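Asker: Sharing a structure below in structure tokens format, with a few things to ask.
Derivation of every value follows stated rules applied to the coordinates shown; laboratory data play no part. Everything numeric in this text was worked out from a predicted model, so none of it was measured. Every residue, glycine as well, gets a Cβ built from its backbone with ideal geometry; the counts of neighbours run over all protein chains shown.
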Amino acid sequence: MQINSKLPHIGTTIFTVMSALAREHNAINLSQGFPDFDCSLNLMELANKYIRAGFNQYAPMPGTIELRERVAEIISHCYATNYRPDSEITITAGATQAIYTTLAAFVHPGDEVIVFEPAYDCYVPAILVHGGIPVYSQLLAPHFAINWADVRSKITPKTKAILINSPHNPSGTIITKNDLEELEKIISGTNILVISDEVYEHMVFDGQTHQSVCTNTALKAQSIIVSSFGKTVHTTGWKIGYVAAPAKIMLEFRKVHQFLVFVVNHPLQLALAEFLADKENYLELKNFYQKKRDLFLKLTSASRLKPLKTSGTYFQLMSYSAVSDEPDTDLAVRLTKEKKLATIPLSVFYSQKTDPHLLRFCFAKKDETLEKAAEIICKL
């Protein structure tokens, strides 16, 4: 049988590759973005409670009303704006599914989607598989700021969407209020949809504030926000996220969502809704991860690797230019095999494999894990 692949140039995601390599060589895994500590015992008990209470059949297609109402409450509390739980919030099987569904719902063959590089690896394949055309705007190291003049130059009658990500994976930078104002000017008077990946929304450090697109009234009207409970409550394996958008946009999203996944895990939705009633369970996340970031930076301060500024997420970029001039992919593999430390090379986030000699380290780990990793780093 001959197969005409819709993604002929797409291989296995780097996160799967590096995590498998880490397991094979018994290496410390600071590559894939997941904690090596467990979620709250209270959250586990709530999950067990709802499983035992019999909530083991289909949930409503858009998600349980309890969790949708909780999301509306969180958005209102954090960003002082409102979404209607019945028609403007949908619970998804994680953020990747939410992004894929959004692109499936709105991108037609030949449509252009502006993507900022380095870009998380699920964006472009989802654009391509639906016949869309990714149009790249570069975020340049070390600041990874958006060049809005470049974005304007790339707007055409075929531009269907602009996909933004803040806090940004892999760089750890965040967009500003001024960035939102510039984006508003660009899409004003157009039918361009803003897809805003905000999965690290509760991890913004040093007293800074997450600038969600929903804080800008004009942007909110043309945007769909994607977020992730897995990042917020340390349950990446539960694969539960959400989207928020005006009803007109959400109607189209749900048309695809219902046939892609239909519903999401019922008892775990109820557990999350009850757990997040305590605002501290998401408001304290920034302090928790800032301590992790600061510890990792302190532990690696004697290293020849030089850290870039991280304002959000649980990732730290470090330059290895003082250590090696080899390609970042080669170094990442060699570190895993020889030094027993797995990282992510930055070049995989670029369509042209741009290599600024940076590695991404995940610091969502136990303190002892970070200590062991730092010992290796400091010997490089």
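Asker: Set the Förster distance to 30 Å, then compute FRET efficiency between GLN208 and ARG52 from the Cβ-Cβ distance, nearest 0.05.
Answerer: That pair, GLN208 with ARG52, gives E of 0.10.
Asker: How many lysine pairs does the range 43-280 hold where the Cα atoms are under 25 Å apart and the two sit 8 or more places apart or on different chains?
Answerer: Qualifying lysine pairs in the range 43-280: 29.
Asker: Given R₀ = 41 Å, what would the calculated FRET efficiency be for SER324 paired with ASN4, taking r from the Cβ atoms and rounding to 0.05?
Answerer: Calculated transfer efficiency: 0.50.
Asker: Suppose the chain between LYS372 and ASN191 were pulled fully straight at 0.36 nm per residue; how much longer would it get relative to their current alpha carbon spacing?
Answerer: Working: separation 181, 0.36 × 181 = 65.16 nm, distance 5.05 nm.
So the extension gain works out to 60.1 nm.
Asker: What does the charge count near ASN26 come to, summing +1 for each Lys or Arg and -1 for each Asp or Glu among other residues with Cβ under 13 Å from its Cβ? Provide the component values of the computation, followed by the final result.
Answerer: Working: positive: ARG23, LYS337, LYS339, LYS340, LYS372; negative: GLU24, GLU338.
Around ASN26, the charge tally is +3.
Asker: Could you tell me the distance between the Cα centroids of the range 1-80 and the range 179-194, to the nearest Å?
Answerer: 30
Asker: Where both partners of a DSSP beta bridge lie in the chain, what percent of those bridges are antiparallel, to the nearest 5?
Answerer: 45
Asker: Report, in whole Å, the centroid distance computed from the Cα atoms of the range 206-226 and the range 265-304.
Answerer: Using only Cα atoms to place each centre, the spacing works out to 21 Å.
Asker: Using the Kirkwood radius over C-alpha pairs as Rh, can you work out the diffusion coefficient of the chain via Stokes-Einstein at 37 °C, viscosity 0.692 mPa s, in µm² per second?
Answerer: The calculation lands on 153 µm²/s.
Asker: I'd like the Karplus ³J(HN,Hα) series for the range 113-123: coefficients 6.51, -1.76, 1.60, θ = phi - 60°, whole numbers in Hz, and an x wherever there's a Gly or Pro.
Answerer: For the range 113-123, the Karplus curve yields 10, 7, 10, 9, 9, x, 10, 4, 6, 8, 5 Hz.
Asker: What net charge do the residues around ASP278 carry, taking every other residue with its C-beta under 14 Å from that of ASP278, with Lys and Arg at +1 and Asp and Glu at -1?
Answerer: Working: positive: ARG70, LYS279; negative: GLU45, GLU73, GLU274, GLU280, GLU284.
Surrounding charge for ASP278 is -3.
Asker: Helices from the chain with mean Kyte-Doolittle at least -1.0 and a Cα length along the axis of 20 Å or more, per DSSP H: which?
Answerer: 65-79, 285-299
Asker: Follow-up. Please report, in cubic angstrom per residue, the volume enclosed by the convex hull of the alpha-carbon atoms of the range 90-241.
Answerer: Working: hull volume 16.7 nm³, N = 152.
For the range 90-241, the hull spanned by Cα atoms encloses 110 Å³ per residue.
Asker: Now for a different question. Kindly provide the helix-only [θ] at 222 nm of the chain, computed as the sum of -39,500 (n - 2.57) over DSSP H runs of four or more divided by all residues, to the nearest 500 deg cm²/dmol?
Answerer: Computed mean residue ellipticity for the chain: -11000 deg cm²/dmol.
Asker: If you don't mind, another one. By how many nm would the segment from LEU41 to ASP86 lengthen if fully extended, with 0.36 nm per residue of separation less the alpha-carbon distance? Please report the intermediate quantities before stating the final value.
Answerer: Details: separation 45, 0.36 × 45 = 16.20 nm, distance 3.04 nm.
Length gained between LEU41 and ASP86: 13.2 nm.
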